[in-house]
Amino acid sequence: MLIGRKREGGELDLDELRWLVTGYLEGGVSEGQTAAWLMAGVIRGFSPVEARALTQVLIESGEVLDLSGLTGPTVDKHSTGGVADGTTLLVAPLLASVGLRLVKLSGRGLGHTGGTLDKLESIPGLRTALEPDELLRIADEVGCVVAAQTARLVPADKALYALRDITATVASPALIASSVMSKKIAAGAQTIVLDVKTGDGAFMPSRDEAAALARLCVGIGADAGRPTVALVTAMDQPLGTGVGNALEVEEAVRLLSADPDGRLAEVALALAAAALQRGGTTTVMDAAGTRDALRSVWCDGTALETLARMIAAQGGDATVCEAPARVLPQAPVVQEVSALHGGTVAAVPARAVGELAARLGAGRSRPGEDVDPAVGIVLNVEVGDEREPGDVLATVHARTEDDAAEAGAALRALVQWTDDPVQRPETILERVDEE
Ligand code: URA
C-alpha cells in the first residue's frame, strides 16, 4: 500500500517511513519492496517533508556521537564527492589550528570519485578505524581527526545506500540529502559545512539541481538545530592537480607548505571560512576576519604542523609533512604526457580524468575492492591555460609501462583545445545559508 501510494506520487509520513526502513533492516520488508519504493520515489520525487522524516529515521537506526565533552566549538565538513578533491586534508587542520574541533567521518572512493580514507591510508601506519573514545581523545589533543564511519552510526543508510547503488536510485536529491545529513547529524558536530559539487564530475551535473540539494541539506540541518552552510562549487574539471591517493596527500602537504595557491586552496579556504564564521561561537567573526585568521595559520606553517600531529595521533608517519616523496608509496613507472597540439585548454573533463585514474588502480568500481595508493595522474593544465605543442600536460604514475602508455594516450584525447580565448571559470558558484 505504501509503495503504491508512492508510485502514484503520494507522500509518506514519519511513521510510515520508519516502518519501511526498520522493516527492511529487520527483514519484514523485502529488498524488492524497498527497491520498488526507492524507484517510485526517484521517479515521482520525494518531498522536502519526506527528506526530513527520512533523515530522522536514518539517525534513529544507530548511535549518535556525543561531542559535548570537547573543548571548543565543533564543526563538520562534507563534500558530495569529486575528482582531485583533497579539501578535507586542508580544511581539517585549518579549522583545528584556529581552535575549532573537527571529528570527520569520511568515506572511500567509488567510481570516478576519490575518498579521503583511501588518501589518508596511503600514509604508512595511519589508521582510520578508530573507536569513539579514540576519536574524542585525538580531537581534544590535536583539534581534528579523520576516520572511517563506524558500523554503529546510521546503519540504515549503509543498507539503503548499498541497495540504491545497485538499483539506479542514488541520484535523488531527497535521498542524497537524507543520507548525507543523517551521517553529519549523527556524527555530533554543532555546525556543518557542505561542499555541494556541480558539473560533469558531480552527482548533480546541473547547477540548479546542486543548489536545490544544498538548500534541502541546509534546511534539514536547521530543523535539527545544527546550523548548516553549503557552498556550491564547480566539478567540471579536477579541483586539484593530483588525482590518486598518495599524489593527493603530497599535493596537500605541498599546498600547506607555501602560501595558498590555486583552486583547491581557494575552495578549502572558503569552506573553512564558512565553518568558522558559522561555528566559531565564542566570537562572531566577519568574513574578512575569518579569512585573515585562516590565511595566517596557513602561511605561518601552523596548519601543516596540525596535519602532522593528526597523522601521528592516528599512527601515521608524520614526516610525510616534511618529505612526502620519501614517505609515500611511489609508482614504479612515471611518465610525462606532452601536448600534441597547442592552443588554449577548453576542458579537462573531471569524470573522465577520475575514471582514468581509477583504471590505473587509484579507484574502485565496486565497494570493497583494494586501491593502489601510489598510482594516478598529476595534471599540469587547467581550463584557460595556454600551451605549445610538446609542453607537458600531465605526469602519469603507473604500475606498468603499458598502463602508463594507455593512460597517456587517453589523457591526450580527453583534454579539449581551442584557438579562441577562454575565460577561466569560477570555482565557487554560490553560498546557501539558512533562510
Ligand atoms: N553521498 C552520500 O553520503 N550519500 C548519498 O546518497 C550520495 C552521496
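The values are calculated or read from the model by the stated rules, or taken from the named source; none is laboratory data. None of the values given here were measured: they were computed from a predicted structure. Because the Cβ atoms are built from the backbone with ideal geometry, glycine has one as well, and the counts that use them run over all protein chains shown. Surface areas here come from the heavy atoms of the whole protein model, side chains and all, with no ligands, DNA or RNA. Shrake-Rupley method; radii C 1.70, N 1.55, O 1.52, S 1.80 Å.
Quick one: which of Glu435, Glu430 is open to solvent by 80 Å² or more (accessible area, probe 1.4 Å) and not small (Gly, Ala, Ser)?
Glu435
Name, by its number, the condition in (1) within 11 Å of the ligand (Cβ to nearest atom); (2) among the aliphatic types (A, V, I, L, M); (3) open to solvent by 60 Å² or more (accessible area, probe 1.4 Å) that does not hold for Ala168.
Single failed check for Ala168: (1).
Residue-by-condition table, conditions (1) farther than 16 Å from Ala308 by Cα; (2) within 13 Å of the ligand (Cβ to nearest atom); (3) aliphatic (A, V, I, L, M); (4) touching an Asp or Glu at 6+ places or on another chain (Cβ under 8 Å):
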| site | (1), (2), (3), (4) |
| --- | --- |
| Ser79 | yes, yes, no, yes |
| Leu90 | no, no, yes, no |
| Ala96 | no, no, yes, no |
| Ser106 | yes, yes, no, no |
| Ile123 | no, no, yes, yes |
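Which residues, counting only those in segment 324-348, are part of a loop (DSSP other than H, G, I, E, B) and hydrophobic (A, V, I, L, M, F, W, C)?
Matches in segment 324-348: Leu328, Ala331, Ala339, Leu340, Val348.
Which members of segment 16-53 meet the condition of being closer than 18 Å to Arg152 by Cα and of a type in the set (A, V, I, L, M, F, W, C)?
Val21, Leu25, listed by residue number.
Ala287 is checked against (1) in contact (Cβ under 8 Å) with a residue 24 or more places away in the chain; (2) surrounded by fewer than 20 Cβ atoms within 10 Å (Cβ to Cβ); (3) farther than 14 Å from Val91 by Cα and fails just one. What number does that condition carry?
Of the numbered conditions (1) in contact (Cβ under 8 Å) with a residue 24 or more places away in the chain; (2) surrounded by fewer than 20 Cβ atoms within 10 Å (Cβ to Cβ); (3) farther than 14 Å from Val91 by Cα, the odd one out for Ala287 is (1).
Give Ala156, Ala148 a once-over and let me know the one that is within 14 Å of the ligand (Cβ to nearest atom), within 14 Å of the chain's Cα centre (by Cα) and either acidic (Asp, Glu) or over 14 Å from Ser79 (Cβ atoms) (or both).
Of the residues listed, the single one that is within 14 Å of the ligand (Cβ to nearest atom), within 14 Å of the chain's Cα centre (by Cα) and either acidic (Asp, Glu) or over 14 Å from Ser79 (Cβ atoms) (or both) is Ala148.
Kindly establish whether Gly10 is surrounded by fewer than 20 Cβ atoms within 10 Å (Cβ to Cβ), out of contact with any Asp or Glu (no Cβ under 9 Å at 6 or more places or on another chain) and part of a helix (DSSP H, G or I).
No: the conditions fail for Gly10.
When you go through Asp157, Asp140, Asp118, Asp165 one by one, which is the residue that is over 30 Å from Glu355 (Cβ atoms) and not aliphatic (A, V, I, L, M)?
So the residue among Asp157, Asp140, Asp118, Asp165 that is over 30 Å from Glu355 (Cβ atoms) and not aliphatic (A, V, I, L, M) is Asp140.
Pick from Asp200, Asp208: which is open to solvent by 10 Å² or more (accessible area, probe 1.4 Å) and at pLDDT below 95?
Asp200 is the lone residue from the list that is open to solvent by 10 Å² or more (accessible area, probe 1.4 Å) and at pLDDT below 95.
Taking segment 299-323 on its own, how many of its residues are in a loop (DSSP other than H, G, I, E, B) and free of Cβ contacts under 8 Å to residues at least 24 places away in the same chain?
3
Do we have Leu110 as within 15 Å of the ligand (Cβ to nearest atom), touching a helix residue (DSSP H, G or I) at 6+ places or on another chain (Cβ under 9 Å) and either touching a residue at least 12 places away in the same chain (Cβ under 8 Å) or at positive phi (or both) here?
It is true that Leu110 is within 15 Å of the ligand (Cβ to nearest atom), touching a helix residue (DSSP H, G or I) at 6+ places or on another chain (Cβ under 9 Å) and either touching a residue at least 12 places away in the same chain (Cβ under 8 Å) or at positive phi (or both).
Do we have Gly81 as touching a Phe, Trp or Tyr at 6+ places or on another chain (Cβ under 8 Å), in contact (Cβ under 8 Å) with a residue 12 or more places away in the chain and not β-branched (Val, Ile, Thr) here?
Yes, satisfied.
In segment 197-211, which residue that is closer than 18 Å to Met181 by Cα and more than 15 Å from the chain's Cα centre (by Cα) is nearest to the ligand (Cβ to nearest atom)?
My answer is Glu209.
So, in segment 180-196, exactly how many residues are touching a strand residue (DSSP E or B) at 6+ places or on another chain (Cβ under 6 Å) and more than 10 Å from the ligand (Cβ to nearest atom)?
10
Anything in segment 212-225 that is within 16 Å of the ligand (Cβ to nearest atom) and closer than 15 Å to Thr74 by Cα? List them, or say none.
Result: Gly221, single match.
Since Asp140 meets every condition but one in (1) within 12 Å of the ligand (Cβ to nearest atom); (2) at pLDDT 95 or above, which condition does it not meet?
(1)
Hey, among Ala308, Ala350, Ala293, which residue is under 22 Å from Leu264 (Cβ atoms) and out of contact with any helix residue (DSSP H, G or I) (no Cβ under 9 Å at 6 or more places or on another chain)?
Ala350
So which strands (runs of 3 or more DSSP E) are wholly in segment 43-155 and hold at least 3 residues that are under 27 Å from Asp200 (Cβ atoms) and open to solvent by less than 40 Å² (accessible area, probe 1.4 Å)?
Hits in segment 43-155: 74-79.
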